Amino acid sequence: MTPWFLVLAHAITLLFIQTDIQTSFAITGGWVYNGSGFEQRDLYIAKGLFVSKRPTGSVTEIDAEGRYIVPPYGDAHTHNLDREWQFGFLPDQYVSEGTFYVQNLTTKTKRVDNYRKRFASTDTIDVAYSHQGLTSTLGHPFMAYEPFAMGINDSREWPARMDEIKKSRLDEGNSYLFMDTVEDAREKLPGYFEAGPDIVKLFFSDIGSHAIKTRDDVPGNTGLTEDVARYIVAQARQRGLRTIAHIDTAEDFETALRIGIDAFAHIPSWNGSANTLAAHRISDETMLAAGKRNVGLTPTLSILALNLDEEQSAARLGYVQDFIRRFLDAGGKLWIASG
């Protein structure tokens, strides 16, 4: 059966790859998305740009045959396209599904300048890189990167080698930067910004328990303090860069919103237990404040269903539905993403 959706992004990219950008096109017989719905009209392209009137001269005709035509897709939260082995297949996969815009929200940055060059032409996808995750010592995302940099790829080996992992810093300055004080941030941020991140990723992880978790010395279970995060956000804003926060609790969300964060990489990660719901449910007042600020959010819903029994899964589904409904009703903006 012929598919009824035509992804305009994919179709136009293939045309530009195969023909000169000076070629004009007329896409006829389709239903075009206009921002709020679909309308039946023709689309015209001249010199690589959409135009309102049919171009003069030679025009290549494309019959959409009643299909629905949508804009290019974007993946606003991923950790792809910062490792060499991915380039053999991922860019083509993104184009094939109609995804033209990709945002990597924690980048292995040692070769990122070379990676950017691969996406510099008009016939490739556009990729934005956040560079390292900004966190406190041993905070998340340390455990997502450091063991692998050490060659300890089997997580079952981690407990026996935890002391060794905690002392290692092989991937510091590549996947993560530790900032425990504002003075640390003053020292490290100039080099971070000089490397040219496209967006700034900050990590919060149960900020209300930061002091306790720091004393516990368990890697990966903490993030930035409010004063350090506030300084980072201010420095990013001075440079015209947006900030996005990893958060785990309602207090993380509220703190990040208070210091001026532009977007959230997750919703609070409630475990489905009634005893912990209050620590993760965002109040209506906070939702309205987020909407008023036009804050963005990638929900990353897939991780909320992992390792749960049926009762927990049902509870968390309701939690997610309630969060998204209230977030959208308050004026918040969802960023569609795979991560």
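The values are calculated or read from the model by the stated rules, or taken from the named source; none is laboratory data. Nothing here was measured: the structure is a model prediction, and the numbers come from that model. Neighbour counts run over all protein chains shown; Cβ positions are idealised from the backbone, glycine included. Each accessible area value is taken on the protein alone, full model and side chains, heavy atoms only, with ligands, DNA and RNA left out. Shrake-Rupley method; radii C 1.70, N 1.55, O 1.52, S 1.80 Å.
Taking square-rooted eigenvalues a ≥ b ≥ c of the alpha carbon gyration tensor, is the stretch 76-203 rounded, prolate or oblate, where a/c under 1.5 means rounded and, failing that, a/b exceeding b/c means prolate? Mind showing how you got there, number by number?
On the way: a/c = 2.52, a/b = 1.42, b/c = 1.78.
Judged from the Cα gyration tensor, the stretch 76-203 comes out oblate (a/c at least 1.5, b/c at or above a/b).
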Ile336 paired with Glu172, simple spin-label distance in nm, labels 7 Å along Cα-to-beta-carbon: 4.1
Restricting the stretch 33-99 to chymotrypsin sites (Phe, Trp or Tyr not before Pro) in coil, as DSSP defines it, with at most 14 other Cβ within 10 Å: Phe89
Kirkwood hydrodynamic radius of the stretch 93-146, Cα pairs, Å: 12.8
In range of the label at Thr124: residues from the stretch 75-95 whose backbone nitrogen is under 19 Å from the point 7 Å along Cα→Cβ: 75-76, 78-95
Within the accessible area of the chain (1.4 Å probe), percent carbon and sulfur: 53
q = 0.11, 0.14, 0.16, 0.17 Å⁻¹, the stretch 176-312: log10 I(q)/I(0) [Debye, one scatterer per Cα]: -0.42, -0.68, -0.87, -0.98
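Express the relative contact order of the chain as a whole percentage, based on alpha carbon pairs under 8 Å and six or more residues apart in sequence. Mind showing how you got there, number by number?
Details: 621 pairs, mean separation 44.1, N = 339.
Here the relative contact order equals 13 percent.
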GNM flexibility winner over the chain from Ala234, Ala149, Ala274 (Cα, springs under 10 Å): Ala274
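Whole number please: convex hull volume per residue of the Cα set in the stretch 122-189, in Å³? Numbers along the way, then the final one.
Values: hull volume 8.1 nm³, N = 68.
Cα convex hull per residue, to the nearest whole number: 119 Å³.
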Å² of accessible area per residue within the chain, as computed with a 1.4 Å probe and no ligands counted: 50
Calculated SAXS-style log₁₀ I(q)/I(0) at q = 0.13, 0.27 Å⁻¹ - the stretch 58-112, Debye, Cα scatterers: -0.47, -1.16
Cα centroid of the stretch 212-253 to Cα centroid of the stretch 33-76, whole Å: 42
Helical contribution to [θ] at 222 nm, DSSP H n ≥ 4, -39,500 (n - 2.57), averaged over the chain, rounded to 500: -9500 deg cm²/dmol
Cα centre as origin, Lys/Arg/Asp/Glu Cβ charges: the stretch 94-142 dipole, Debye: 300
Isotropic mean projected area of the C-alpha convex hull, the chain (nm²): 20.6
Cα gyration tensor, the stretch 217-294 - rounded (a/c under 1.5), prolate or oblate: oblate
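Structure shown: which of Lys188/Lys213; Lys166/Lys333; Lys110/Lys167; Lys108/Lys166; Lys201/Lys292 lie over 27 Å apart, alpha-carbon to alpha-carbon? Display every interim value, and only then the final one.
Details: Lys188/Lys213 23 Å; Lys166/Lys333 38 Å; Lys110/Lys167 21 Å; Lys108/Lys166 19 Å; Lys201/Lys292 22 Å.
From the list (Lys188/Lys213; Lys166/Lys333; Lys110/Lys167; Lys108/Lys166; Lys201/Lys292), the Cα-Cα distance tops 27 Å for Lys166/Lys333.
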Selection from Trp270, Thr214, His246 lying farthest towards where the dipole of the stretch 160-277 points positive, charges on Cβ: His246
